[in-house]
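Notes to accompany the following structure.
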Number of protein chains: 2
Amino acid sequence: MRVLGIDCGSERTGYGVIETDGKTHELLAAGVIRTSAKEAPEKRLLRIAMGLREVMEKFSPQAAAVEEVFHGVNAKAALKLAQVRGVALLTAAEAGVPVGEYSPLEIKTSVVGYGRAEKRQVQLMLQSLLRLDRRLDSKDASDAVAVAVCHATRAVALLQTGFSGRGVGA
Amino acid sequence: MRVLGIDCGSERTGYGVIETDGKTHELLAAGVIRTSAKEAPEKRLLRIAMGLREVMEKFSPQAAAVEEVFHGVNAKAALKLAQVRGVALLTAAEAGVPVGEYSPLEIKTSVVGYGRAEKRQVQLMLQSLLRLDRRLDSKDASDAVAVAVCHATRAVALLQTGFSGRGVGA
């Protein structure tokens, strides 16, 4: 199964594509779509949509996964993030790709085995899981790959127990 | 100038199209794009995007306007709304239509002349401003027309003073 993970952000949206059987994963691509704060909000969203569409066209993922938006810390930032998330969900729907949604806790647990893991632990674990020569140095790309791995792990578990592929938080 | 107002909502997204010179306005269309709670979030967003694209194709607005997302009351609802808003902004950007963003206060002030006006006052004022036989009975369509009228009024004022068309809250 090919899974696209997306880490939404209005300035930097990370993406990661893995080929996976639920246990072993191969990294096909990882990167960041950047936008400029000088642009109007709608133009930034357009840039993100175009970037994600390009990735989906190139890699034809069978599933996509995003992190749930975290509210509480900064309401304004959360709302901006949610706008990007809306665009990410839309581009997946346009490509006919179902989307799983996962909490930060679920993502860390599935990658590191510990829900309160540090960013660096996640990066090191991904390096090991994906047999990479070095760590994914972009935090955004790393977070995107982590959510893809989370979906891969969960989707296989869910297939085995017969549930649908949407995350708990949906 | 032709202005499209959008009132975002994950269940009901209102839209209203007016032809305006900034002082007198003619209502060309008003309606609601409905989605079902039974559908996956990304499918609901796709339905909203398709609905808004259809309206933009049919009426070719020169500007669009949306209400700012209200945070504070219900964080989860605000995030859902922001996702729809991201989709609305994206569809406008795709159509090359610039977007104005206005606070509820700005919208009510420009329609009724009083920022704390009741919904019913807004509806009655719109009926009068647009010379309609009866009130717009859908709250969502009415809110969408109100933001279009707000943009029309503000855009003319801004053109006269030489500022760009984006609302204060942008």
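None of the figures in this text is laboratory data; all of them are computed from the coordinates on show. Quick caveat, the model's predicted, so the values are computed rather than measured. Glycine gets a Cβ as well: all are built from the backbone with ideal geometry, and neighbour counts include every protein chain shown.
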| request: Would you list which lysines come within 21 Å of B:K108, measuring only between C-alpha atoms, while excluding same-chain residues fewer than 8 positions from it? | output: B:K23, B:K119, B:K139
| request: Principal axes first, then extents: for the Cα atoms of the protein assembly as shown, list largest minus smallest coordinate on each axis, whole Å, largest first. | output: 67, 42, 34
| query | Under unit Cβ charges (Lys, Arg +1; Asp, Glu -1), what dipole magnitude, rounded to 20 debye, does chain B have relative to its Cα centre? | reply | 380 debye
| said: Taking the alpha-carbon distance from A:K58 and a cut-off under 17 Å, which aspartates and glutamates remain once sequence neighbours fewer than 8 residues away in the same chain are dropped? | reply: A:E19, A:E26, A:E94
| Sparse-neighbour loop sites [chymotrypsin sites (Phe, Trp or Tyr not before Pro); the stretch B:1-79; at most 14 other C-beta within 10 Å; DSSP] | B:F70
| Please identify the GluC sites (Glu not before Pro) of the stretch B:99-129 that satisfy two criteria: DSSP loop assignment and at most 11 other Cβ atoms within 10 Å. Which are they? | B:E118
| remark: With a Förster distance of 22 angstrom and the Cβ-Cβ distance between B:A157 and B:L124, calculated FRET efficiency to the nearest 0.05 equals 0.40
| According to the Kirkwood expression over distinct Cα-Cα pairs, how big is the hydrodynamic radius of chain B, in Å? | 15.8 Å
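Based on DSSP, what percent of beta bridges with both residues in the stretch A:2-162 are antiparallel, to the nearest 5?
Beta bridges within the stretch A:2-162, antiparallel portion: roughly 65 percent.
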| Ordered by residue, what ³J(HN,Hα) values in Hz, to whole numbers, does the stretch B:95-101 give under the Karplus form 6.51 cos²θ - 1.76 cosθ + 1.60, where θ = phi - 60° and Gly and Pro are x? | 8, x, 9, x, 10, x, 10
| query | Under the definition of Cα pairs under 8 Å and six or more residues apart, what whole-number percent is the relative contact order of the stretch A:24-97? | reply | 36 percent
| note | As straight-line cross-link partners of A:K76, the qualifying lysines (C-alpha separation under 21 Å, not fewer than 8 residues apart within one chain) are A:K38, A:K43, B:K76, B:K80
| Selected from B:L79, B:L27, B:L136 as most flexible by GNM, with chain B as the system and alpha-carbon contacts under 10 Å | B:L79
| request: Return the average number of partner chain Cβ atoms within 10 angstrom of each residue Cβ along peptide B:91-101. | output: 4
